[in-house]
Amino acid sequence: MSTKIKKNSEGKKVYELAFLLKDPSSEKAVFDFLVQHKAVILNQSPVNSMKLAYPIKKHLSGFFGVINLEADPENVKALSSSLNLSADVLRFLVIAVPNVSAPQRRAGSPEGRKKYSEGSESRKMNKTESANSGSSSVLSNKALEEKLEEILK
């Protein structure tokens, strides 16, 4: 499987910024940082409140959001520095979005499970067919009972 980072003709890359804020009003500060570092917002999810599994900077809850953006790699480094210094941002993560050329089907995917289950059914049928082909005819219940009595005698 080949993965390449999405890049446009101007040398900009597509990134995903996930962040955890102290309060929802801090979202404006994140947008100001994006404008300051010349990032173009492609997509954004609404900021949702969430309870944290452990305290982060003495906070037990935070506001989580995700933004897809396009920017120069140098500007993203500066953006990361700015977010790191911001008191309103508890945590953040910036990743370059990979461009997957040919997705592989996995066993956990619905298509993979379907293929696997189809194969197992055919294997089951082959086993029963081979078991039946060993005996010349299929016995009815009555004939089976008679055969058992004969064996037990």
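The values are calculated or read from the model by the stated rules, or taken from the named source; none is laboratory data. Keep in mind that what you see is a predicted model, and the values were worked out from it rather than measured. For neighbour counting, all protein chains shown are included, and Cβ atoms are generated from backbone atoms with ideal geometry for every residue, glycine included.
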remark   = Per the list (1) surrounded by 12 or more Cβ atoms within 10 Å (Cβ to Cβ); (2) among the charged types (D, E, K, R); (3) farther than 18 Å from Tyr15 by Cα; (4) at pLDDT 90 or above, residue check on Asp72 breaks on (3)
remark   = When (1) touching a residue at least 24 places away in the same chain (Cβ under 8 Å); (2) surrounded by fewer than 18 Cβ atoms within 10 Å (Cβ to Cβ); (3) among the small types (Gly, Ala, Ser); (4) outside any loop (DSSP other than H, G, I, E, B) are applied to Gly11, the one that fails is (4)
inquiry  = Being under 19 Å from Ala87 (Cα atoms) and among the hydrophobic types (A, V, I, L, M, F, W, C) is the filter here; which residues of segment 19-52 pass it?
reply    = Phe19, Leu20, Leu21, Ala29, Val30, Phe31, Phe33, Leu34, Val35, Val47, Met50, Leu52
query = Is it the case that segment 39-54 has a residue that's modelled with pLDDT under 95, in a loop (DSSP other than H, G, I, E, B), in the same structural domain as Glu10 (by TED's automatic domain parsing) and of a type in the set (Ser, Thr, Tyr)?
reply = yes
query = In this structure, does Val35 turn out to be touching an Asp or Glu at 6+ places or on another chain (Cβ under 9 Å) and of a type in the set (Val, Ile, Thr)?
reply = no
ask   = Quick check, is Val76 assigned to a helix (DSSP H, G or I), of a type outside the set (Gly, Ala, Ser) and in contact (Cβ under 8 Å) with a residue 12 or more places away in the chain?
value = yes
task = Test each condition in (1) modelled with pLDDT under 95; (2) closer than 14 Å to Phe19 by Cα; (3) basic (Lys, Arg) for Arg91 and report the one that comes out false.
result = (1)
ask   = Looking at (1) touching a Ser or Thr at 6+ places or on another chain (Cβ under 7 Å); (2) assigned to a helix (DSSP H, G or I); (3) free of Cβ contacts under 8 Å to residues at least 24 places away in the same chain, can you tell me which one Ser61 breaks?
value = (2)
